[in-house]
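Quick notes on the structure that follows.
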Amino acid sequence: VKTRRLHGLALVDGALQRATLTIRGRRLEEVARCERPSGGAEPISGLILPGFVDLHVHGGAGADFMDASPEAVRAVTTFHARHGTVALAATTLSAPSSEVDAAIRAVATAHRNGRAGARLVGIHLEGPYLNPSRCGAHDPSALRPPDAEELASWLGEAGDLPVMMTLAPELPGALDLISAFRRQAIFALGHSEASFEQASEALAHGARHATHLFNAMAPLHHRCPGLPGAVFASSSATAELIADGVHLHPAVVALAARALPGRAVLVTDAMRACGMPEGVFSLHRHRVTVFEGAARLADGTLAGSMLTMARALRNAVQQAGLPLEQAAEMASGTPARILGLTRSGRIAPGCDADLVVLREGSLELERVILSGEELDL
Ligand SMILES: [Zn+2]
């Protein structure tokens, strides 16, 4: 087993501090605070952070998890790993049962067979139990009311991978579904017209998370606080933010992060076109035009993002003005905790040796170390 040591400014226990990290094989063996490199440690000039964990990602580099092939899974995980994502929840779109099933099977198979790129640590079923009036880029004809039998079969296909499901809690049967499956799935509220009361009731039934907060939901109004209001009023609900400068105003990213300490996470919601030249792409049954960093349907509806996690973190710091430590927590520690991952999202002994190095100041991604191995960026 190979052992190597890195020394530099690392995010350990929520603070940047000089430390020597000992990597043995795929794991971090030791994390020692010390001012100077010792024991042949390689000096690192940038900032060493835990690798990123993305709870919501559909695709990238021309591939989408809905393609349901080993090649597509490999293309997406490899692309995002090169942008600092070390673990991700493969995210599906609303589609006929058999197509969602095929996507889950492709991800579960890749998970069992070992992997290339970011580790597959979950499946995020985004739909199909969504409100057609807030469908965003989901195919409206694929949306339907909750179906317990269908969800049970998808959970079976997912095997031991944690499953998150985005649903609209106001649909008939949604609260019963949450109550019945709250221990087998992490229910996330989204693509929803839910009132504050309806969303609060869903949280009381066991829903725990909000999907791309503010996007594809009734907005927060001071007399009608809606789903966002229910998340802010809750003491435990977590929420995703798409910090691409298009989906949310940077001030909203900042206020949500402040209002939800330890509960807000950065996600990409990246789609097939992420990492590709701008142009026209397919998104399930839609055509999507990518122009000036935004993917839109013909009517202007946003259809996923062009974000990478490295870019999301940089935007959270440089556009929204969040402290780096907080933005890093939103990109790794908090999402890892939401999925119940114990060896990801932290720089600590026993954790996976999944690290990113950012240039100080510009926060450009310089290096990615995944399972102790340096990636070619
Ligand atoms: Zn969505």
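Other residues lying with their Cβ under 9 Å from the Cβ of Ala168 contribute a combined charge of -1, Lys and Arg counting +1, Asp and Glu -1.
Dividing the convex hull volume of the alpha carbon atoms of the chain by its residue count, what do you get in Å³ per residue?
Roughly 123 Å³ of hull volume per residue.
The GNM of the chain, with springs linking C-alpha atoms under 10 angstrom apart, assigns the highest mean-square fluctuation among Leu16, Leu125, Leu358 to Leu16.
In a simple Cβ point-charge model (Lys, Arg +1; Asp, Glu -1; nothing else charged), region 138-253 has a dipole of about 400 debye relative to its Cα centre.
Between Leu322 and Val317, the built amide H atoms are under 5 Å apart, and every one of these is 5 or more places off in sequence or on another chain.
Ordered from longest to shortest, the equivalent ellipsoid semi-axes for region 162-251 are 21, 15, 11 Å, each the square root of 5 times a Cα gyration tensor eigenvalue.
Using the 1.4 Å probe convention, the accessible area of region 27-108 works out to 34 Å² per residue with neighbouring protein chains retained. Ellipticity at 222 nm from helices only: DSSP H runs of n ≥ 4 in the chain, each -39500 (n - 2.57), divided by the residue count, give -7500 deg cm²/dmol.
Taking a point 7 Å from the Cα of Ser141 along the Cα-to-Cβ direction, the residues of region 279-301 with backbone N closer than 18 Å to it are 282-288, 298-299.
So, with a 1.4 angstrom probe, what is the percent of accessible area on the chain that is carbon and sulfur?
Numbers: 7320 of 14660 Å².
About 50 percent, which is the carbon plus sulfur part of the accessible surface.
Given +1 at the Cβ of Lys and Arg, -1 at the Cβ of Asp and Glu and no other charges, the dipole of the chain around its Cα centre is 980 debye to the nearest 20. Per residue, region 220-319 exposes 42 Å² of accessible surface when a 1.4 Å probe is rolled over the protein heavy atoms with every protein chain present. Remark: relative contact order (region 241-373) = 21 percent; criterion is Cα-Cα distance under 8 angstrom and separation of 6 or more residues.
Post the alpha-carbon centroid distance, region 46-118 to region 184-257, in whole angstrom. Computed from Cα coordinates, the inter-centre distance equals 24 Å. Legend: P(r) of region 215-353 from all alpha carbon pair distances, 10 Å bins from 0, whole percents, reading 12, 36, 34, 17, 2, 0.
The values are calculated or read from the model by the stated rules, or taken from the named source; none is laboratory data. Computed from a predicted structure; not experimentally measured. Methodologically, a virtual Cβ is constructed for each residue, glycine included, from the backbone with ideal geometry; neighbour enumeration extends over all protein chains shown. Note: areas computed on protein heavy atoms with side chains; ligands, DNA, RNA excluded. Shrake-Rupley method; radii C 1.70, N 1.55, O 1.52, S 1.80 Å.
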